[in-house]
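The values are calculated or read from the model by the stated rules, or taken from the named source; none is laboratory data. A quick note: this is a predicted structure, and the numbers were derived from the prediction, not measured. Glycine gets a Cβ as well: all are built from the backbone with ideal geometry, and neighbour counts include every protein chain shown. Keep in mind that these areas ignore ligands, DNA and RNA; they rest on the heavy atoms of the full protein, side chains included. Shrake-Rupley method; radii C 1.70, N 1.55, O 1.52, S 1.80 Å.
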Amino acid sequence: MTTEAPGAAGKTTTEDTPLLEVRDLHVTYRQGGNDVPAVRGVDFTLAPGDTLGIAGESGCGKSTMALSLLRLQDRGARVEGEVLFRGENLLTTAWSRLRAVRWAGASVVFQGAMSALNPVRTVLDQIVEPIVLHDKVRVSEAERRATELLDSVGIPARRVRGYPHEFSGGQRQRVMIAMALACRPDLIIADEPTTALDVMVQAQILELLAESVRESRIAVMMITHDLSLLAHTCDRLAVMYAGRIVELGPSRQVLQAPEHPYTRALSRAFPTIGDPASRRAPAGLAGDPPRPSRTSVGCDFADRCPDVLPVCRTGEMQLWPAGPGRSAACVRALPDQGGTP
Amino acid sequence: MTGRPDESSTALEVRDLSVVYPAARGRGPARAVDGVNLRIGKGEIVALIGESGCGKSTLARTLVGLVRPTGGEVLHEGTALDYSARGLKRYRRHTQLVLQDPGGALNPKQNVYDAVALGPRLHGLTEDLPLTVHDALARAGLRPPEQYFDRYPHELSGGQQQRVVIAGVLALNPSVIVADEPVASLDASVRGEILKLILRLRDDLGLSALVVSHDLGLAWNIADRVAVMYLGRVVEQGTVEEVLLRPQHPYTRALLSVVPTGADDWRPTLLAGEPPDPTAIPAGCRFHPRCGRWADADPDTRAAGACDRRTLPVLAPDTSGAACHLLTSSHLENA
């Protein structure tokens, strides 16, 4: 995948100057003396207030990609490419600058709030700390703000001096969202923020997150395996497979009329209740994603693809334009292949 | 409707079942299952739907004899469960449990052959064991089976691991499978493959199944009937079409509303508050503190319904309907 792909991932429809520009991002792990590529050339742009969903299955590199933007990847992983946050390359900038950007510029809602929160400190303290550090205000002022924030996510003032274990899973995830908002960032990266939560709590948390960012023009990158959820919470959707973006475009369009066969399989995996086509007919996809250590020629999805063509085994895939604001890494999306009716 | 099984005979039934866990750390006893009637016909797939803490996993464990009920009984083909060590062992040849996380269910130091052979060995069914293991793996969709014999769990994908777990269950040739969130930890594309497998096992082998899940789409994909559980009780049950297309209970309606539809006008009905607490079950209808129908009802309806005081009868097995005071025509058993 090249950065110069015409009309590819990089272009947004808004006229704002980009908040975040990711160019040809690669993340490579060292494993037993071998290079294991987890992210293999990802490009996209976020404008202020943009919401981008990143979908894909475990091991597709979506979390690694998102966390490497703030250099939060595992120790020993090599990150290449450019991550321009308001024009500043976060991959090469000094640690002191990066620390300033984390929290105040871009913050993260991690999956599994129980392990992300400090078990021996009250939730109030954990939100006060970044406020004091970044905004240089007095503790009393920070406590007032933190209490307000917690109240806005549904944690009443009488409970803010509680410890993480005293809260339910849903409440802990609310605390995480309050923390992410604490220093008024321009970008929130939410890594599977509702995994392991009940459907009802999940809907509450997503609504809360959407509400929190709606008026403030905070950009959101949300990572999950649940395509249908993303369609409602994000304007745009990027689908990742084997370390690359294979489809990108407006959420509804990507979900309702996928260009890439992998996106199609993912969207069918969650049936529409009432749709006779899926009644007593679960849709799956045979096979497993390629192991990251494997290097291959042609399309990474070819082995599992129901519509594979001879050229898929040999040609190099790129994120080709596939309609206004859309792109897909499938030769069938190309007009001269005549694959799409 | 295709492949509708013969439901005249019952594979597994629970009558007026309750499971109470003793009080702990200053809390009252937890009434995890609090009066449930449920029937699984031979060759039938029943989905038990609910949120965490509703008692669905406890009910599943009670069905396979891992938890002994505090009240009521479990009947296997009409006979009450015998809780002696011997009785349980005999019972477990027929009724097998599949758990959510195949990585945790498999012993990392045991290869696939030994994992699948474990059940037959425990039950002394070692005659033709290699053939049994071979067939079980093939039925679970791991082909050719010999290629998997020597592999260890860490060499398999999540979907393959779950297939090994299912093969281990099939090796005992059970008549009923109880599966607790069998696809919740699997990737989206693999989920459909495992669900297809469960459907095929029913069609080919006539297996009955209770599938416990929070996922209503799963019920639409594979189940014949659905029971929706809330705080230890079944609040609505019926055929998949009845419950999912014409839901009566406000809780079922709320659960259905939070499933994203992809439609532009999708508006979930969010229930206030956290999932409820089985150590503090509200009086009257146990759902009333979160019920929008009750909150919005006019004074006359509230007076007539008296949801905050009047106890609801337990739904009878095999009926279709919902346990709600505010329904005009609920099919309730007379309490």
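A few remarks follow.
- Computed from Cα positions, the angle between helix B:85-94 and the longest principal axis of chain B comes to roughly 90 degrees.
- Per principal axis, descending, Cα span of the range B:248-322 in whole Å: 40, 34, 27
- A Cβ-based charge dipole, computed about the Cα centre of the range A:113-182 with Lys and Arg at +1 and Asp and Glu at -1, lands at about 100 debye.
- Most fluctuating residue given options B:Ser52, B:Ser175, B:Ser208, as computed from a GNM of chain B linking Cα atoms under 10 Å: B:Ser52
- Residues of type lysines that B:Lys109 reaches as a straight line, Cα spacing below 26 Å, ignoring anything fewer than 8 places off in the same chain: B:Lys89
- Counting Cα-Cα pairs of the protein assembly as shown in 10 Å increments starting at 0 gives whole-percent bin shares of 3, 14, 23, 25, 20, 12, 3, 0.
- Cα extents for the range A:122-246 along the principal axes, largest to smallest and rounded to whole angstrom: 48, 29, 26.
- Computed magnitude of the charge dipole of the protein assembly as shown (debye, nearest 20; Cβ of K, R +1, Cβ of D, E -1): 1320 debye
- Diffusion coefficient of chain A by Stokes-Einstein, Kirkwood radius over Cα pairs, 10 °C, 1.306 mPa s: 75 µm²/s.
- Highest-MSF residue in chain A out of A:Leu206, A:Leu187, A:Leu230 [GNM, Cα springs under 10 Å]: A:Leu206
- Using θ = phi - 60° and Karplus 6.51 cos²θ - 1.76 cosθ + 1.60, couplings along the range B:57-71 (whole Hz; Gly, Pro as x): 6, 4, 4, 4, 5, 5, 5, 9, x, 7, 10, 8, x, 7, x
- Taking every residue in B:192-205 and counting other chain Cβ atoms within 10 Å of its Cβ, the average works out to 3.
- Free-standing Cys, chain B [no other Cys Cβ under 4.7 Å]: B:Cys54, B:Cys291, B:Cys324
- For residues of B:216-222, the mean tally of beta carbons on other chains within 10 Å: 6
- Principal-axis analysis of the Cα atoms of chain A puts helix A:169-181 at an angle of about 80° to the longest axis.
- Over all other residues within a Cβ to Cβ distance under 10 Å of B:Leu156, the charged ones net out to 0, with Lys and Arg as +1 and Asp and Glu as -1.
- Considering only alpha-carbon pairs that sit under 8 angstrom and 6 or more positions apart, the relative contact order computed for the range A:113-182 is 45 percent.
- Percent RCO, i.e. relative contact order, over the range B:208-335, from Cα pairs under 8 Å lying at least 6 residues apart: 23 percent
- Over chain B, relative contact order from alpha-carbon pairs under 8 Å, at least 6 apart, %: 20 percent
- Other protein chain Cβ atoms within 10 Å, averaged over every residue that makes up B:179-189: 5
- Relative compactness, chain B, computed as alpha-carbon Rg over 2.2 N^0.38 Å: 1.04
- Taking every DSSP bridge with both residues inside chain A, close to 60 percent are antiparallel.
- Dimensionless Rg/Rh of the range B:1-160 - Kirkwood Rh, Rg from C-alpha atoms: 1.01
- Among the trypsin sites (Lys or Arg not before Pro) in the range A:248-301, those placed in a DSSP loop whose Cβ has at most 13 other Cβ atoms within 10 Å are A:Arg294.
- Within the range A:113-182, all pairs of alpha-carbon atoms sorted by distance into 10 Å bins from zero give the percentages 24, 60, 16, 0.
- Each Lys and Arg contributes +1 and each Asp and Glu -1, all at the Cβ; summed about the Cα centre of the range B:129-236, the dipole is approximately 140 debye.
- Dipole of chain A, positive direction: furthest Cα of A:Leu133, A:Pro119, A:Ser58, with charges on the beta-carbon: A:Pro119
- For the range B:68-122, pairs of C-alpha atoms spaced more than 19 angstrom apart make up 45 percent of the total.
- Considering only beta bridges that DSSP places wholly inside chain B, some 55 percent are antiparallel.
- Of the beta bridges in the range A:164-269, as assigned by DSSP with both residues counted there, near 55 percent are antiparallel.
- Accessible area that becomes buried as B packs against A, both chains, 1.4 Å probe, Å², nearest 100: 3600 Å²
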